[in-house]
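Trainee: Here's a structure for you.
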Amino acid sequence: MNRTLFLRRILSLTLALFFGYAFSQSGTDKTYKLKHYMTPQEEALRHLIGEGFEKSAPPPGQIRNIAEFEQMQGVLIRYPFGINYALIAALSERTTVTTVVNSQSQQNSVTGQYQQNGVNLTNCDFLIAGSDSYWTRDYGPWYIAYDNDQIGIVDFIYNRPRPLDDVIPQKMAEKLNIQWFGMELIHTGGNYMTDGWGVSASTDLVIDENPDMTIAEIDQMVYDYLGVTHYYKLPDPNNTYIDHIDCWGKFLDVDKILIREVPPSHPQYDEIEAMAAFFEAQTSSYGVPCEVHRVYTPNNQPYTNSLIVNKTVYVPIVNSQWDDEALAAYEEAMPGYEVLGFTGSWESTDALHCRIKGTADLNMLYIRHIPLLGIQPVQTGYDIEAEITAYSGQNVIHDSVLLYYRYGNGAFSQITMTHQGGKAYSATLPGAGSGAEIAYYIYAVDASGKNASHPLIGSPDPHVFFSGQQLLPDISVNITEINAVATAGNSTMESFQISNQGELALDFNITWTTAIYEQHQYSAVQSPAPSSWQHNTYTEMNWTNVTISDQALIAGWTIEYSWQTDDWPDEGSFHVESPAGTHAIIASGEPDGNYTVTLDAFDGEPMQGTWKLWLEDTYGDGGHRAGNIMMKISEQANMPDWLTIEPVSGTIEPANSMNIDAACLSAGLAPGDYEGMITIASNDPDQPEINIPVYFTVEVASGLEWPASEITGLQAFPNPFRSGSTIAWSLGSGQHVRIMIYDLQGRMVASPVDEVFPSGNHTFEWKPEGVGSSLPEPGVYFLRLSTPSAQKV
């Protein structure tokens with residue numbers, strides 16, 4: 001370890017930086033508080049970044065940058081913490097937690113806190129060293145395997161003038177008794193990810209922060225120190241101050257990447273989709289297209305800022321209605337992994353991954369294997385080769401090196417791989433007929449007791465390939481819509497056929513709906529002036545309550561608002577609490593703009609009661625405001641479920657069909673026209689969902705007269721709609737008439753008429769600028785006129 005280098009770096013910066021943020025932990029002015037970004041004081045000292053850094057020679061021999069999803073022996077965090085005790089306790093049950101503390105007395109204090117908060121001290125150790133901040137990901141060490149089966153640390157120039165943070169990699173190398181290598185490149189860990197096979201990615205921030213280097217020189221440096229042969233340097237699609245790749249993307253495995261997803265209305269939608277398309281177009285280190293998974297972050301939730309430690313994924317959640325969906329996205333992308341969600345003081349640009357750094361397993365058992373994937377030629381056998389390295393220095397137990405394989409959904413069989421000498425092992429996987437799906441994984445154990453699989457998770461998510469071709473189901477439905485007619489009080493049966501024209505069994509499930517939704521709108525007063533509050537507008541200013549007297553269960557909840565913020569948008573958030581006590585975050589870290597946010601957290605709850613809205617500021621100086629607030633709550637109208645389906649699920653073998661009966665029941669329905677929707681979900685990858693509209697007309701029984709309230713002549717003109725529309729109809733007798741306008745999803749968007757009319761011909765001129773009569777956007781809408789005994793659509 002270069003102790004002289006350590007001292008020079010500290011001494012060259014400490015005096016200059018002391019005056020910049022000596023009071024960073026206790027000052028009340030945000031300019032003196034260390035943030036994830038540089039404070040103004042730090043910006044003034046930007047020229048001191050890298051001062052006193054002395055690079056070392058590159059590591060010798062062949063170099064491999066160890067990926068986050070590989071075997072880890074622990075994690076590195078720092079006290080004072082950026083994470084809560086629940087997360088630390090969970091980590092301590094599964095791995096070693098190394099905590100950076102500045103003294104033995106602080107270590108004693110933290111040990112006591114750990115005991116009080118359920119942290120497993122058996123799996124805790126400490127690194128006594130000074131530090132400036134808790135972003136161990138950003139300044140922590142990068143691990144490599146190099147030369148003669150050694151593991152070392154590569155250090156870089158931390159892109160902040162924080163000298164104590166910048167030497168933590170040296171201190172960690174000293175603690176672990178491994179070699180330290182100094183790479184003279186300004187960088188940050190939150191803006192770097194690698195696949196462990198020579199492919200790495202960052203945003204182009206790395207170019208901006210190294211203006212004296214050409215791109216070719218940067219590429220050469222990461223090759224020399226990290227063994228990286230393909231280094232993607234991409235524009236930041238989030239367009240935020242931090243420009244870190246872990247705010248929107250994450251390697252989950254050599255051939256898997258997670259990219260955030262936002263709705264088309266999001267201001268960065270095009271840029272984020274461009275990044276997803278970029279990675280979909282890349283060939284992974286396994287020689288197959290990169291597998292891109294998405295996690296939905298409509299309000300800039302920090303779900304990609306997660307941590308993988310061995311077979312567990314720690315995901316930041318924010319008490320949002322999208323949390324469960326985010327956890328499910330990880331579970332789908334990473335079968336077999338334990339996926340855990342944790343709350344915290346997360347921001348869209350600074351969450352769990354930023355504040356924890358994995359420590360590579362110095363005794364890892366590493367299996368290098370290029371898997372068979374995709375479609376392979378039909379063969380009687382497939383050669384499987386692997387290279388196995390025991391970094392513990394112990395021997396690999398030859399008869400423990402096993403190849404597990406299965407065909408289709410069958411059970412796994414095993415073959416002992418043959419030791420070919422050195423680190424090489426091989427086996428022949430028996431082939432199968434054309435179209436067979438073959439899954440396999442490799443397992444090994446060394447004399448130290450270490451075991452490993454390839455892929456890491458083993459049987460829950462094995463390598464899969466197809467012999468000759470991939471067999472798929474191919475769904476076909478013989479209708480595109482159903483038109484049914486029944487007399488009042490009777491029913492009719494309509495049938496259709498689902499066929500499988502593919503070569504693999506088709507599994508299907510059918511759902512349907514006949515629901516109609518009505519929408520209510522409620523406005524809220526503008527939040528207090530940005531300078532009039534500090535932490536919470538509700539506790540400080542009593543902003544605000546919205547009282548709703550309507551009685552119904554919620555079927556949909558949307559809020560529209562305009563947002564104004566200061567120079568620190570990441571500190572502000574907008575919250576709502578339902579009368580039932582459900583809390584949800586409407587937005588967090590948003591820039592100025594107009595927003596529409598839809599939440600499903602309140603579905604099924606009563607809308608009646610007092611709703612609470614408030615703003616929060618994590619720093620405590622306000623600076624944010626919400627205005628033009630409109631809450632839109634949908635209720636499901638009381639409509640008989642007049643449609644039934646039989647069967648609702650099944651399996652159809654190749655070249656077979658199944659008949660499906662759809663019964664339309666008029667009992668309880670007034671004469672008129674009704675609409676429903678049948679949805680068929682299947683395992684056909686090309687058509688995973690098919691929608692079939694159902695149009696049902698209920699007529700008066702033959703021989704009976706239409707009731708006096710018969711509705712005739714219903715029309716709206718002009719059509720297409722322009723600045724206004726005239727609605728015309730005729731009544732057989734005086735009746736209470738209600739006119740409702742619905743969108744294609746069955747949601748009521750306006751009800752311009754609700755009154756009694758005499759018999760005869762009537763017209764009503766509807767202008768959308770009228771109160772309560774505006775359409776949300778151009779499109780196709782349905783007009784429904786109803787009386788107590790009839791209705792027309």
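The values are calculated or read from the model by the stated rules, or taken from the named source; none is laboratory data. Keep in mind the model is a prediction, meaning the values are calculated, not measured. Virtual Cβ from ideal backbone geometry, glycine too; neighbours counted across all protein chains shown. Note: areas computed on protein heavy atoms with side chains; ligands, DNA, RNA excluded. Shrake-Rupley method; radii C 1.70, N 1.55, O 1.52, S 1.80 Å.
Trainee: Give the separation of the Cα centroids, region 296-365 to region 409-427, in Å.
Mentor: Their Cα centres are 34 Å away from one another.
Trainee: Roughly how far apart, in whole Å, are the Cα centres of region 190-212 and region 30-90?
Mentor: A separation of 15 Å, based on Cα centres.
Trainee: Compare T726, T610 by solvent-accessible area with a 1.4 Å probe and give them largest first, with all protein chains kept in place.
Mentor: Sorted descending by solvent-accessible area, the residues read T610, T726.
Trainee: For region 54-155, just list the percent of Cα-Cα distances falling in each 5 Å bin from zero outward, please.
Mentor: Answer for region 54-155: a P(r) of 2, 11, 19, 21, 17, 13, 9, 6, 2, 0 percent.
Trainee: Once a ≥ b ≥ c are taken as the square roots of the eigenvalues of the Cα gyration tensor of region 342-418, is the result rounded (a/c under 1.5), prolate (a/b larger than b/c) or oblate (a/b not larger than b/c)?
Mentor: The shape class here is oblate.
Trainee: Round to the nearest 10 and report in Å² the accessible area of S549, as given by a 1.4 Å probe over the protein chains' heavy atoms.
Mentor: 90 Å²
Trainee: In whole percent, what relative contact order does region 646-700 give with Cα contacts below 8 Å and a gap of six or more residues?
Mentor: Result for region 646-700 is 33 percent.
Trainee: Please arrange L783, L553, L472 by accessible surface area, largest first, computed with a 1.4 Å probe and ligands excluded.
Mentor: Result, largest first: L553, L472, L783.
Trainee: With a bin width of 5 angstrom, please list the P(r) values of region 459-533 as percents of all Cα-Cα pairs, from the 0 bin to the one holding the largest distance.
Mentor: 3, 7, 9, 11, 10, 9, 8, 8, 7, 7, 8, 7, 6, 1
Trainee: For region 162-177, what does the Karplus curve 6.51 cos²θ - 1.76 cosθ + 1.60, with θ = phi - 60°, yield as ³J(HN,Hα) per residue in whole Hz, taken in order and with x for Gly and Pro?
Mentor: So the Karplus estimates, Gly and Pro as x, are 10, x, 5, 4, 5, 9, 4, x, 5, 5, 5, 4, 5, 5, 7, 6 Hz.
Trainee: Further question: For region 456-518 and region 109-125, what is the separation of their Cα centres, given in Å?
Mentor: A separation of 53 Å, based on Cα centres.
Trainee: Then there's this: What's the angle, to the nearest 10 degrees (0 to 90), between helix 215-226's Cα axis and the longest principal axis of the chain?
Mentor: 70 degrees
Trainee: Which Rg and Dmax, in Å, describe the Cα atoms of region 596-689?
Mentor: 22.9, 68
Trainee: Enter the accessible area of T544 (Å², nearest 10), with the probe set to 1.4 Å and all protein chains included.
Mentor: For T544, solvent-accessible area is about 10 Å².
Trainee: Add +1 for every Lys or Arg and -1 for every Asp or Glu among the other residues with Cβ under 12 Å from the Cβ of F126, and state the total.
Mentor: That sum, taken over residues with Cβ under 12 Å, equals +2.
Trainee: Solvent-accessible area per residue for the chain at a 1.4 Å probe radius, Å²?
Mentor: 42 Å²
Trainee: How tilted is helix 3-21 with respect to the longest principal axis of the chain? Cα atoms for both, answer in degrees (0 to 90, nearest 10).
Mentor: 50 degrees
Trainee: Out of every Cα pair in region 107-195, what percent are spaced more than 19 Å from each other?
Mentor: 49 percent
Trainee: So which GluC sites (Glu not before Pro) in region 378-484 pass both tests, a DSSP loop state and at most 12 other Cβ atoms within 10 Å of the Cβ?
Mentor: Answer by residue number: E481.
Trainee: To the nearest 10 square angstrom, how much accessible area does K792 have with a 1.4 angstrom probe?
Mentor: Rounded to the nearest 10, that gives 70 Å².
Trainee: Quick one: net charge of R46's neighbours, Cβ under 13 Å, K/R +1, D/E -1?
Mentor: My count for the surroundings of R46 gives -3.
Trainee: What does the helix-only formula give at 222 nm for the chain: each DSSP H stretch with n ≥ 4 adding -39500 (n - 2.57), the total divided by the residues, and the result rounded to the nearest 500 deg cm²/dmol?
Mentor: Calculated from helices alone, the mean residue ellipticity at 222 nm is -3500 deg cm²/dmol.
Trainee: If each residue of separation counts as 0.36 nm, what is the full-extension length gain between R46 and A515 once their alpha-carbon separation is subtracted?
Mentor: 162.8 nm
Trainee: On to the next question. From Cα pairs below 8 angstrom and at least 6 apart in sequence, can you work out the relative contact order of the chain, rounded to a whole percent?
Mentor: Relative contact order, the chain: 9 percent.
Trainee: Whole-Hz ³J(HN,Hα) for each residue in region 258-275, computed from phi via Karplus 6.51 cos²θ - 1.76 cosθ + 1.60 with θ = phi - 60°, x for glycine and proline: what do you get?
Mentor: Running phi through 6.51 cos²θ - 1.76 cosθ + 1.60 with θ = phi - 60° gives 9, 10, 5, 10, 10, x, x, 6, 5, x, 10, 4, 4, 5, 5, 5, 5, 5 Hz.
Trainee: Can you send over the carbon and sulfur percentage of the accessible area for the chain, probe radius 1.4 Å, protein chains only?
Mentor: On the chain, the fraction of accessible area on carbon and sulfur atoms equals 48 percent.
Trainee: Here's something else I'd like to know. In a shell of Cβ-Cβ distance under 11 Å around V396, excluding V396 itself, what net charge do Lys and Arg (+1) and Asp and Glu (-1) give?
Mentor: Result for the neighbourhood of V396: -1.
Trainee: Please tell me the relative contact order of region 377-440 in percent, rounded to the nearest whole number, where contacts are Cα pairs under 8 Å and at least six residues apart.
Mentor: 44 percent
Trainee: Which option, (1) 50, 40, 25; (2) 62, 27, 24; (3) 57, 38, 20, is the value of semi-axes √(5λ) of the Cα gyration tensor in Å that was calculated from these coordinates?
Mentor: (3)
Trainee: Using only the alpha carbon atoms of region 537-632, find the Kirkwood hydrodynamic radius as the inverse mean reciprocal pair distance, in angstroms to one decimal.
Mentor: Averaging 1/r across every pair of different Cα atoms and inverting gives 13.8 Å.
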